[in-house]
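Okay, so here's the structure we're looking at.
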Amino acid sequence: MGNFACIERGLTYCISAIAYIAFPIDLINVWIYLPTAISNDPALFLKNNNIPPWFPALKTALRSINFFCRQSGSETAMSASPNSTPTHLNENEEQGTLDFKLLNAVNDRYGGVIIEVTRPMNSALFASLLRASITRWRHQGKRGVWIKLPIQHVNLVEAAVEEGCWYHHAEPNYLMLVYWIPQGPHTLPANASHRVSIGAFVMNEKREVLVVQENIGRFRGTGVWKFPTGVVNEGEDLCAAAVREVKEETAVDTKFVQVLAFRYEICVFFAARKSQSHKVLFEKSDIFFLCLLEPLSSEIQKQESEIEAAKWMPFEEYAAQPFVQKHELFKCSVDIFLATKDENYSGFSPLPTSTAFSDEKNYMYFNTHDLNGQYGS
């Protein structure tokens with residue numbers, strides 16, 4: 001490093017120490033951010049870090065060091081040794097120095113930044129880096145800040161919350177926190193508010209339906225025979241989930257045919273409404289798809305952990321259960337099943353499709369029957 005660069009940093013740190021002794025400001029924040037502030041905007045740094053405006057000596061010193069080192073650096077650039085670092089940085093070099101002193105982040109598509117902490121650090125240091133980074137991003141006009149904290153860096157959660165961040169969502173191996181820089185209400189998207197589940201209607205050539213009795217959940221101990229149900233896993237196609245759930249609960253192999261209907265169950269907090277309301281798993285609304293599958297095997301082996309019993313039952317016997325007759329959802333499902341088997345009703349079949357944004361195939365579900373065979377049947 002050149003002589004004037006050494007002088008600049010030396011004086012900077014001396015002033016930092018004096019400021020810390022004289023005023024209640026964060027020494028770590030000053031130590032990390034002040035050298036960069038000299039080459040950017042000293043006045044902005046003073047303002048955003050609550051250094052008293054009536055401390056003219058510090059302001060004057062900062063401006064003097066900045067001016068002196070820039071002028072001297074320009075004059076001595078030609079005589080600097082080949083191994084020395086020039087004190088006058090171009091725009092790209094200056095930005096690189098700034099990024100080194102702030103939290104590493106990448107821009108998102110919506111005017112915000114995403115931070116993924118990958119290295120262990122002290123919580124006090126993290127808080128200071130976060131504070132300095134937010135100051136810089138505010139100056140740049142950034143909006144939302146997303147902070148992904150892997151589980152091994154859980155020690156940083158409290159520091160982030162104290163700086164104004166809040167929880168957005170959690171996964172098994174990380175916690176996502178967010179921060180909103182602009183004034184006013186934030187426009188960050190909410191965490192996932194729904195879960196997707198399926199019910200599998202499987203009927204063989206004898207007009208027998210595949211049914212189970214559960215030993216867990218709301219149907220435990222009721223004696224009700226129901227069709228296999230379950231939740232669609234992350235990254236799993238709807239049709240694949242239906243086939244998987246039947247296989248897991250009964251060991252019967254099946255082929256997905258179509259979606260017959262779907263139900264949207266809204267969840268609201270009991271505290272928000274005094275009236276009767278649904279409350280599903282972890283206060284998420286539920287989108288339930290009723291699916292038709294064709295059996296490819298018949299031998300049943302029940303899932304010991306969740307299923308009390310499983311069997312093939314005549315459809316009329318299933319439909320005659322008091323529970324099915326009492327509740328509109330199940331009674332309506334029976335009518336749909338009958339109409340489908342009599343070919344008076346057609347549901348939605350899956351068709352692999354690509355989009356303008358990706359060549360990867362995903363399923364679109366629609367009524368192919370009434371499109372004159374254009375997309376198959």
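The values are calculated or read from the model by the stated rules, or taken from the named source; none is laboratory data. Since the model is a prediction, treat every value here as computed from it, not as a measurement. Reconstructed Cβ throughout: ideal geometry from the backbone, glycine too, with neighbour counts over all protein chains shown. Areas reflect the complete protein model, heavy atoms only, side chains present, ligands, DNA and RNA absent. Shrake-Rupley method; radii C 1.70, N 1.55, O 1.52, S 1.80 Å.
Need at least 1 residues that are more than 18 Å from Asn104 (Cβ to Cβ) per element, so show me which strands (runs of 3 or more DSSP E) inside segment 135-190 make the cut, counting only ones lying wholly within it. If you could, list the steps in order and put the result at the bottom.
Details: elements: 144-150, 166-171, 174-180.
Ranges flagged: 166-171, 174-180.
Against the conditions (1) open to solvent by 90 Å² or more (accessible area, probe 1.4 Å); (2) within 24 Å of Val211 (Cβ to Cβ); (3) not in a helix (DSSP H, G or I), where does Lys331 fall short? Just the number, please.
So the condition that Lys331 fails would be (3).
Condition check ((1) at pLDDT below 95; (2) open to solvent by 90 Å² or more (accessible area, probe 1.4 Å); (3) in a strand (DSSP E or B)) across all residues:
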{"position": "Phe270", "(1), (2), (3)": "yes, yes, no"}
{"position": "Ser297", "(1), (2), (3)": "no, no, no"}
{"position": "Tyr318", "(1), (2), (3)": "no, no, no"}
{"position": "Phe323", "(1), (2), (3)": "yes, no, no"}
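Being at pLDDT 95 or above and closer than 17 Å to Glu234 by Cβ is the filter here, so list the residues in segment 176-191 that pass it.
Answer for segment 176-191, where residues must be at pLDDT 95 or above and closer than 17 Å to Glu234 by Cβ: just Met176.
What residue, among those in segment 165-219 that are more than 11 Å from the chain's Cα centre (by Cα) and of a type in the set (Asp, Glu), is surrounded by the most Cβ atoms within 10 Å (Cβ to Cβ)?
Residue satisfying both the conditions and the ranking: Glu214.
Thr368 is checked against (1) open to solvent by 50 Å² or more (accessible area, probe 1.4 Å); (2) at pLDDT below 90; (3) part of a loop (DSSP other than H, G, I, E, B) and fails just one. What number does that condition carry?
(1)
Have a look at Thr222, Thr250 and point out the one that is modelled with pLDDT of 85 or more and open to solvent by 20 Å² or more (accessible area, probe 1.4 Å).
Thr222
For the subset of segment 142-158 comprising residues that are open to solvent by less than 10 Å² (accessible area, probe 1.4 Å) and in contact with a helix residue (DSSP H, G or I) (Cβ under 8 Å, 6 or more places away or on another chain), which member is farthest from Gly112 (Cα to Cα)?
Among those that are open to solvent by less than 10 Å² (accessible area, probe 1.4 Å) and in contact with a helix residue (DSSP H, G or I) (Cβ under 8 Å, 6 or more places away or on another chain), it is Leu156.
For segment 344-353, give me each residue that is open to solvent by 60 Å² or more (accessible area, probe 1.4 Å) and farther than 19 Å from Arg263 by Cα.
Asn344, Pro352
Do any residues in segment 300-314 that are within 16 Å of Arg244 (Cα to Cα) have Cβ atoms under 7 Å from those of residues that are among the polar types (S, T, N, Q) and part of a loop (DSSP other than H, G, I, E, B), where the two are at least six apart or on different chains, and which pairs are they?
Glu306/Asn215; Ile307/Asn215
Residues of segment 100-141 being open to solvent by less than 50 Å² (accessible area, probe 1.4 Å), within 23 Å of the chain's Cα centre (by Cα) and among the hydroxyl-bearing types (Ser, Thr, Tyr), which ones?
Of everything in segment 100-141, just one residue is open to solvent by less than 50 Å² (accessible area, probe 1.4 Å), within 23 Å of the chain's Cα centre (by Cα) and among the hydroxyl-bearing types (Ser, Thr, Tyr), namely Ser133.
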